[in-house]
Amino acid sequence: MNKKKTSKEMASKASEVLRDSNSSKIAKSLAASALAQSSTKKETGKEMETKASNVMKSDKYSDETKGLAASLVSQSNKKR
């Protein structure tokens, strides 16, 4: 089990993404997952890990969205 949690700074950014009506669907999905992991022992699920990994590999996403993706990948199950 991964014991990492979303940092306060990243949780704040995730909250901003969720409140921004201009944020993309993928950014909001990543942000919601990051917030869910900010105060719990939850880890990134397999499906979200794949989604986050694909975001990090793509050139079409913003640095902010890639930052959320990186946070989620770092909180994934290391045995996968």
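The table that follows gives values for the structure above.
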item: nm² value of the averaged projected area, convex hull over the Cα atoms of the chain; result: 4.8
item: Residue order, fewest to most beta carbons within 10 Å, for K3, K51; result: K3, K51
item: Spatially proximal aspartates and glutamates relative to K3 (Cα-Cα < 17 Å; intrachain offsets below 8 disregarded); result: E43, E49
item: The chain, relative contact order [Cα under 8 Å, separation at least 6], %; result: 39
item: Per-residue Cβ neighbour rank within 10 angstrom, fewest leading, K57, K4; result: K57, K4
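Read-outs throughout are calculated quantities, based only on the coordinates presented, and are distinct from any laboratory measurement. From a predicted model like this one, the values you see are computed outputs, not experimental measurements. Here Cβ is always computed from backbone atoms with ideal geometry, including for glycine, and neighbour counts include all displayed protein chains.
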